[in-house]
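Okay, so here's the structure we're looking at.
FYI, it's all coordinate maths here, none of it is from the lab. As the structure is a computational prediction, the values presented were derived from the model and not from experiment. Every residue, glycine among them, receives a Cβ derived from its backbone with ideal geometry; neighbour counts consider all protein chains shown.
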Amino acid sequence: MPKLYSGAEIVFKCLEDQNVSHIFGYPGGAVLPIYDELKNFNSIKHILVRHEQGAGHAAEGYARSSGKPGVLLVTSGPGATNAVTALTDAYMDSVPLVCITGQVPTHLIGTDAFQECDTTGITRPCTKHNWLVKDINDLSEIMHKAFEVATTGRPGPVLVDIPKDIQFQKTKYKNYRKEKKLNGKSHDNFSQKNIDELIKLISKAKKPIFYTGGGVINSGPKASELLRELVYATGFPITSTLQGLGCFPADDNQFLGMLGMHGTYEANNAMYSCDLMINIGARFDDRITGKIDEFSPKSKKVHIDIDPSSINKNVKVDLPIVGDIKSVLTSTLKTLKKSKKKFSKSNKHQISNWWEKIQKWRSKRSLDYIGSEETIKPQYAIERLYELTKDRDTYITTEVGQHQMWAAQHYKFNKPNRWMTSGGLGTMGYGLPAAVGVQIAHPKKLVVDIAGEASVLMTMQEMSTAVQYNLPIKIFILNNEYMGMVRQWQELLHDKNYSESYTAALPDFVKMAEAYGCVGIRAKTPEELDDKIIEMLNTDRPVIFDCLVDKQENCFPMIPSGKPHNQMLLGPKDQKDKKITGKGRTLV
Amino acid sequence: MANSKSAYSIAGKKQKNDTHIIVVWVDNEAGVLARVVGLFSGRGYNIESLAVAEVDQKENISRITIVTTGTPQVIDQIKLQLKKLVPIHKVADFKREDKNVIFKEMALFKFVANNEKLTKAFNACKNYNPVVLDKTKKSKVIQITALRREIDKMSKNLTKFGLVSVSRTGAVAMTRGSDVFK
């Protein structure tokens, strides 16, 4: 007779078969049988967080920095509802997560039992798919399918809800058999004809631009390599979304910087004026497009994406190519090399006028700011952090707000998977737990969370996790005592009525660090900033770095609302003659 | 509102809405209808009517027929979003004007009236395959099958013959001829 396994054992056997090495979680009544089995599976290490949202973001950080799915294990009721923010965040930013939740025993479902909630009902709109396991014989199949759904196609979170009695019941373990297709859902749907058309457009273009996004990073490191090859082969300019940063080296001359609401002048103007836009793995998000009726009015648009529902969702495109970016780029490069051997040479002349124009936009130096010798400008703090860490392989996470945009503008990423930020959902409190997850995946690497003091307080309790597992994460807080982005919008749109955006009672972050058992460092002046950053980098323990920055600084450039890409607001240097009045008084 | 103090863009021009009938074949499992309906409500799509039933007991397949309205772009999104759901096998989309597709809804009418009016009521239903399901001296329950707008019209016109209650299904659809939607 074959050996019988309990539901709890089967959970871990499946995790083992899926090569899971770390899970993030928090125990509770309805998952106790699973926690009881943990000791028998040495290959799986459990990271105890301080809040289930932290488990979710840590799993996200782990997944985005390693390319493997992140796994979290939480209890029923509040455990599940606390994880919802992280699941939604992962859904918006296409991060593969497998969330295992405990549930009250089957016979109590629907009775409003203690710590019961309709977990699959609540998480249905924020997962790719979810399952309530009602029969122990389905458990192993569901677990394996969960990993498959999370990691194939456009990645995303899934949830498996396991009632407590199912965790105790016993059955045989069925080995995993990979199905070829999931209900007929294939992902590479492009043909050579599509590629030929793309090459035709590329060779005709006089004002082309690559617009790349997080899909390139999700497609794996190879996709980034292929992208670089294609960009160098064509000589075209390239801009990236927030999520795509790192798939092309930021210090390369062909890179125009980030585009969108707080993107560079040259990137947004190039998007507006181009005649060929090649979108690779981005989704025409509303922060990118600005006014949709006037979005890049004169261009042919190509959209390469693995998710067919991304095509024509916000912007109508001329050539959709549905497929994995790695395979599309491989075919494109192959065809390009075959048909146009000396493409880059013959092409240089054709797009030289375009590059001249771009250089003109570039000379506006839209990311410039007015420096100061008395107070630390937030942009300066990030520039210094970059200069002092660029020789290491650094992983950056962020919270959400001004500091996030400044990090995206001023920190230069040269490799994929080094930049973890909450873009779609914009979750304040993402960065600290994400840094925990990144450090777990890369124990020897430098991991910095560029934070705001308001965001970081939302998940500050995870410092305790970092201390417990000796994770030397660096929490680099740009402290302006305001919810900076809220304050900026209030200044520009709401007549400087700073309603509730000032935090009147902040903790002393240095003392707080000490209370958590880690190191606190404070920098007050530009003069001492470098030394303090070096001190932080030389500390082999978790650090909270309290960087006191200019409280009034705004994040520029910026596209005001109802405006297309070519009507940007530049920084204070430029603003004297362009005050925001009337129609422009709204943001996109 | 060009001057809305919003962090979001202002709604663009609205396009014309068309009525479409979307047919989906799904695994008949717990929560599958909620997934489909939740997708519609969550993304702000309309549902005018809905009909669901298992059609293949061996394979455990249900067929859901949804009547919806939307711009061509929205209809495309509906189809593409539906196709992403794990338990969905295939999605068909028909325009209401499509001559190659049969659409039918069923309605039950209850009349309470005198004999003369009840007879008139039955005669008025003649074009829509009326079947008398229940009959007393004072009342009749009549079943008809027809198009949505025909039933709309009928239920309005029949009040004068003592119509007191209407129960109706969502539309179901089938292609004409020997072709089967794959």
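Of the helices (runs of 4 or more DSSP H) lying entirely inside the stretch A:203-308, those containing at least 1 residues that are more than 14 Å from chain B (Cβ to nearest Cβ) are A:214-218, A:221-234, A:265-273. Criterion applied to B:Phe94, B:Phe181 was being part of a strand (DSSP E or B) and touching a residue at least 24 places away in the same chain (Cβ under 8 Å), and the one residue passing it is B:Phe94. Inspect the stretch A:537-560 for any residue being without any contact (Cβ under 8 Å) to a residue 24 or more places away in the chain, within 30 Å of A:Lys364 (Cβ to Cβ) and crowded, with 19+ Cβ neighbours inside 10 Å and give the result as yes or no. No, the stretch A:537-560 contains no residue that is without any contact (Cβ under 8 Å) to a residue 24 or more places away in the chain, within 30 Å of A:Lys364 (Cβ to Cβ) and crowded, with 19+ Cβ neighbours inside 10 Å. Just a yes or no: is a residue in the stretch A:334-342 of a type in the set (A, V, I, L, M, F, W, C) and surrounded by fewer than 17 Cβ atoms within 10 Å (Cβ to Cβ)? No; the residues of the stretch A:334-342 include none that is of a type in the set (A, V, I, L, M, F, W, C) and surrounded by fewer than 17 Cβ atoms within 10 Å (Cβ to Cβ). In this entry, B:Leu118 passes the filter for residues that are touching a residue at least 12 places away in the same chain (Cβ under 8 Å), within 30 Å of B:Phe161 (Cα to Cα) and crowded, with 19+ Cβ neighbours inside 10 Å.
Among the conditions (1) crowded, with 17+ Cβ neighbours inside 10 Å; (2) not in a loop (DSSP other than H, G, I, E, B), A:Gly423 misses just one, which is (2). Comparison of A:Thr119, A:Thr81, A:Thr106, A:Thr85 shows that the only residue that is surrounded by fewer than 24 Cβ atoms within 10 Å (Cβ to Cβ) and within 14 Å of another protein chain (Cβ to nearest Cβ) is A:Thr106. Is there a residue being in contact (Cβ under 8 Å) with a residue 60 or more places away in the chain, assigned to a strand (DSSP E or B) and aliphatic (A, V, I, L, M) anywhere in the stretch A:44-62? Looking for residues that are in contact (Cβ under 8 Å) with a residue 60 or more places away in the chain, assigned to a strand (DSSP E or B) and aliphatic (A, V, I, L, M), one finds at least one in the stretch A:44-62, hence yes. Before we move on, is B:Gln81 within 25 Å of A:Lys128 (Cα to Cα) and touching a helix residue (DSSP H, G or I) at 6+ places or on another chain (Cβ under 9 Å)? Against the criterion (within 25 Å of A:Lys128 (Cα to Cα) and touching a helix residue (DSSP H, G or I) at 6+ places or on another chain (Cβ under 9 Å)), B:Gln81 qualifies.
Within the stretch A:125-146, residues that are more than 10 Å from chain B (Cβ to nearest Cβ) reach partners that are surrounded by 23 or more Cβ atoms within 10 Å (Cβ to Cβ) and among the small types (Gly, Ala, Ser) with beta carbons closer than 6 Å, at six or more positions or on different chains, in the pairs A:Ile136/A:Gly7; A:Leu139/A:Gly7. Taken together, A:Lys511, A:Lys474 contain a single residue that is of a type in the set (Lys, Arg) and more than 20 Å from the chain's Cα centre (by Cα), which is A:Lys511.
If A:Val315 satisfies every condition in (1) assigned to a loop (DSSP other than H, G, I, E, B); (2) more than 14 Å from chain B (Cβ to nearest Cβ) but one, which is the exception? A:Val315 satisfies every listed condition except (2).
Might you check whether a residue that is closer than 30 Å to A:Lys145 by Cβ and either of a type outside the set (Lys, Arg) or within 14 Å of chain A (Cβ to nearest Cβ) (or both) occurs anywhere in the stretch B:118-128? Looking for residues that are closer than 30 Å to A:Lys145 by Cβ and either of a type outside the set (Lys, Arg) or within 14 Å of chain A (Cβ to nearest Cβ) (or both), one finds none in the stretch B:118-128, hence no.
Exactly one residue among A:Ser224, A:Ser240, A:Ser273, A:Ser299 is of a type in the set (S, T, N, Q), surrounded by fewer than 24 Cβ atoms within 10 Å (Cβ to Cβ) and touching a Cys at 6+ places or on another chain (Cβ under 9 Å), and that residue is A:Ser299.
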